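This report refers to the structure that appears directly beneath it.
Any read-out appearing in this document is the output of simple, stated calculations on the displayed coordinates, not a laboratory observation. Bear in mind that the values here come from a model prediction, so they are computed numbers and not experimental data. No Cβ is skipped: glycine too gets one built from the backbone with ideal geometry, and neighbour counts run over all protein chains shown.
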Amino acid sequence: MTFADKLRAWMPLHENGVSRAAHFVGTYLFIFSLCVPLAWVALPGGLGLTAAHALVAAVVLYALTLEWTAGLLMVPLLVPTLLAALAVASLPAGVAAGVALGVMVARFALVVGAHVVFEKKTHGLSLGGPLLFFIEPVYLLTLVLFGMGFKRELHARATSVGSAATRVAV
């Protein structure tokens, strides 16, 4: 399934601006929550890198493979997200774990609440599974690029009715 196919399925379920904003923020909250405990796992090599660094690198690489421009636009907010997680991870373990858990709970409440209240619909994990939690800004930033007149070919593929994915789903 191409990114245009994924975007075509995603767009009708994320039409409200408030819901889109909640999803955008929710992704970074999700990554933050995972990076806190991952910051306690040092990677070999003595460079001071942790599993949190590896996670953020993997998210960046995956985002770039989906849509390189939106993937690049997603990166600037990943840096402060990682730095904040590393700072929280340096707190006493119980406090850090509590912050990470609290942020994760708030994230799910925010995103699910936005779907229920503003979209009046939900999709569960049907649009990409848990990976979607990591890269939703790529979808949202792609819509911004569409609105600015960029990525016209991708926009045409994502909004076409006669695509292979649409024919299979019918």
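The figures follow:
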item	result
The chain: most fluctuating residue of 149, 26, 17 per GNM, C-alpha cutoff 10 Å	149
Highest-fluctuation residue, 106, 96, 42 considered, GNM on the chain with Cα pairs under 10 Å	42
Positive-pole candidate from 3, 54, 28, dipole of the chain, charges at beta carbon	3
Mean residue ellipticity (222 nm) of the chain, computed from DSSP H runs ≥ 4 via -39,500 (n - 2.57), nearest 500	-23500 deg cm²/dmol
Kyte-Doolittle mean at least 0.0, axial Cα span of 24 Å or more - DSSP H helices of the chain	17-38, 68-89, 93-114, 131-147
Which label in [x] 17.3, 55; [y] 17.7, 61; [z] 18.8, 70 gives the computed Rg and Dmax of the Cα atoms in Å	[x]
Length-normalised contact order for the chain - Cα pairs under 8 Å, 6+ apart - percent	37 percent
Which of 68, 109, 156, positive extreme of dipole for the chain (C-beta unit charges)	156
Size of charge dipole - the stretch 3-169 - debye, nearest 20, with Cβ of Lys, Arg +1 and Asp, Glu -1, no other charges	320 debye
Residue with peak Gaussian network fluctuation, the chain [Cα springs, cutoff 10 Å], from 157, 107, 20	157
